[in-house]
Every structure is written in structure tokens, then in C-alpha cells.
Amino acid sequence: MELDERKVKILKAIVANYLETGEPVGSRTISKYTDLNLSSATIRNEMSDLEDMGYICQPHTSAGRIPTDAGYRFYVDSIMEEKQEVETQNGTLLERVDKIEKMLKQVAKVLAVNTNYATLVTMPQYGNTVKFIQLSKVNNYRLLAVIMVDGNIVRNKLIDTDYDLKDDEILKFNILLNTFLQGASIQDINLELIQTMKSQAGEYAEILEVIFQGILEAIKEADDLKVYTSGATNMLKYPELINSQSAEKLLGTFEDIEDKEEFVKYVEDAISGEDKDIQIHIGEENQSEELKDCSLITATYKMPEGAKGTIGIIGPKRMDYKKVVTMLKNLTGELDDIFSEKEQEDR
């Protein structure tokens, strides 16, 4: 059975009404809601067909209908296909700040306040290729390693040794490290490379191993995904989430986000799976158990150096999709402009 024009209008009306009220939708409501001029009996027959097709369901006997994940998906796809002019905000939503961390925390907070949903923002992900390494002496048995990776991200690492290195010895280590590691990524650093470097270091092989491990830790730290969150308690405002315990699960996830590696990895996978600026995952489309009763909408913002970060909004399946997509388009555009302006100022 295919969705003819009448069924499409009824389905859209059911979804739109449920998004607004959160209450099951009956045939009498639809008869007033649409311009079909159909009787309640005819609408009930169409709703029965839509139920058989899996687009709506009846939560309780004698109750109205609510959208299924398939119904939401049809509705979302249809509104995304429509040519919409993005509503521009009056003024800017963001204040200019010097540090990107403060900017992204601000983004998470602004979105949480303006949408009443939970939000997360990831730091931009650069490659982990080494651009430059500089060792310097802090005291007799401590070195400072300054490592620059892609995106001009700098990581400092204090390294303790059992040997008091002289300035000329530190210079030799700097030459050795940059010769072998400059332009290398974590994936390129293998056992064979390490053994070659140790053979070049000769009597300093053991010291090199200590220094090398410290540098490797710093490179990995630069590659870690950092996430800022806001608005987790907003999930408690939606009865359907409280009843399904999704809000409680998500609240725990957000409070302990740094330890939720699987959840963070899922968000990364969700945004890298398709080459789209805006992605919408509804209910069972989410692989994370915490999101089975929710919708996740993500958008990508770009840095001038080529790195990308993600803004995600999590809410009930009856989320105001049009509003969220519009806000995300505005915010990502604003972020892109801010970062581009900052790059020009830094030149």
C-alpha cells in the first residue's frame, strides 16, 4: 500500500499535532486540523491504513494515534526536502570570546536555553600528525616537551629522567625526534620506527625511550575528543521520557560524560557516517541505548584549518524539528564566520 496524497496530509497532521501537544491524536482533531473536508469515519479508515503501514500506532485502546519512528522519519524527510529559507536571528546569539573552549561552552548553553533540550558540543578534531617537537630543560632531571600537531594545537609534557642532560645532548635529541617524527601520525609510529630511533640514539637509547613515551602520551591527549554539555535536566520536562526512563539514563550520561566513551564514540560515528551538514537520528535509528526513545540532531561546524566539530541536540521524538534545524544552521554559520574572522585577525 502506497501513501497517496490524502494519507500524506493526514499523517503530517497527526505528527504536527502530536509534536505540539504530546497527546494522542484522534480523527475528530484531524477533521478540524486539515483542509481535506473529510468525515471522521473516513479519516478513521485512513488512520487504520496508516497504522497497518507502520506509520502510527495506538498506545491505548480507544485512544488516538501517535507517530511511530517510521512516521517521524517520513515527516522529517518531507520537511527537510522542502525548500526553506533559513530564518536569520536578530543580532548574534554568541558573544565573542578569546578561547575556543569558552565559545563552545557558550554554544551548548545558548542552545539548551533556546530549545529546552539537552545539548552537546565537541571540540574540533584535527589530525594527529606531528608538526614540530621542542625539548627544553626545566631542571637537572626534568624536561619540558612542547609538541605541535595539526591545527597548530600545542601540547606540553613534563618528562622526568634519571640523567642530567646537557644542552648539547638535548639539541641532539631535538634533531633526532624531529627527523623521525615530523610529519608522522600515531598510526605511523610502530615498533620498527622506535627500534630505528633507539639504534640512532646509541648509549642514550633508554633515555630516548622515556622521552618518547612522554611525547606519545601528549600526542594522544591532543587527539582525545572533548565534549561540552548543557541542559540535561531539560529531559525531565517531557513525560514520555520520564516514563520510559530515558531521561534518567541521559541525565547519568551527561553528568559523567567523560567516562561515557561508547556514547561519545557513537556521536562521532553518527556524524561521520554521512556527508551532510545536518543529520537527524530518530528513536531506534540511534544505536546508543540511552537514545532509543529520543531524537538526536547533529550539525557540523568547520575551522579554517580544515578541522570539524559537532553540535548535537537531544530531545524527545516529538521534538520541534523545524526550529532545531533552523537554530543549528544559524549557529554553525555564525561559528564559521567567527572562526574565519579570527583567522584573518591572527594573520
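Screening region 163-181 for residues that are touching a strand residue (DSSP E or B) at 6+ places or on another chain (Cβ under 6 Å) and over 10 Å from Leu135 (Cα atoms) and picking the one that is modelled with the lowest pLDDT gives Leu181. Listed by first and then second residue, the pairs linking a residue in region 217-230 that is among the aromatic types (Phe, Trp, Tyr) to a residue that is surrounded by fewer than 21 Cβ atoms within 10 Å (Cβ to Cβ) and modelled with pLDDT of 75 or more, with Cβ atoms under 6 Å apart and 6 or more places separating them unless they lie on different chains, are Tyr228/Lys105. May I ask you to verify whether Ile43 is touching a helix residue (DSSP H, G or I) at 6+ places or on another chain (Cβ under 6 Å), surrounded by 18 or more Cβ atoms within 10 Å (Cβ to Cβ) and not in a helix (DSSP H, G or I)? No, not satisfied. Every condition in (1) surrounded by 18 or more Cβ atoms within 10 Å (Cβ to Cβ); (2) in contact with a Lys or Arg (Cβ under 9 Å, 6 or more places away or on another chain) holds for Pro59 except the one numbered (1). Within region 190-247, if we keep just the residues that are basic (Lys, Arg) and either closer than 30 Å to Ile170 by Cβ or surrounded by 19 or more Cβ atoms within 10 Å (Cβ to Cβ) (or both), the residue that is modelled with the lowest pLDDT turns out to be Lys220. Any residue that is under 35 Å from the mean Cα position of the chain (by Cα), over 21 Å from Met148 (Cα atoms) and of a type outside the set (Ser, Thr, Tyr) - is there at least one of those in region 190-210? Yes - at least one qualifying residue is present in region 190-210. Of all residue pairs spaced 6 or more apart or on separate chains, those with beta-carbon atoms under 6 Å, a first member in region 111-131 that is among the polar types (S, T, N, Q) and a second member that is in a loop (DSSP other than H, G, I, E, B) and at pLDDT 85 or above are Thr119/Gly231. Gly22 meets the conditions (1) crowded, with 18+ Cβ neighbours inside 10 Å; (2) among the small types (Gly, Ala, Ser); (3) closer than 24 Å to Pro239 by Cβ in every case but one. The failed one is (1).
The values are calculated or read from the model by the stated rules, or taken from the named source; none is laboratory data. Since the structure is predicted, the reported quantities are computational estimates derived from the model, not experimental observations. Note: ideal-geometry Cβ built from the backbone for every residue, glycine included; neighbour counts use all protein chains shown.
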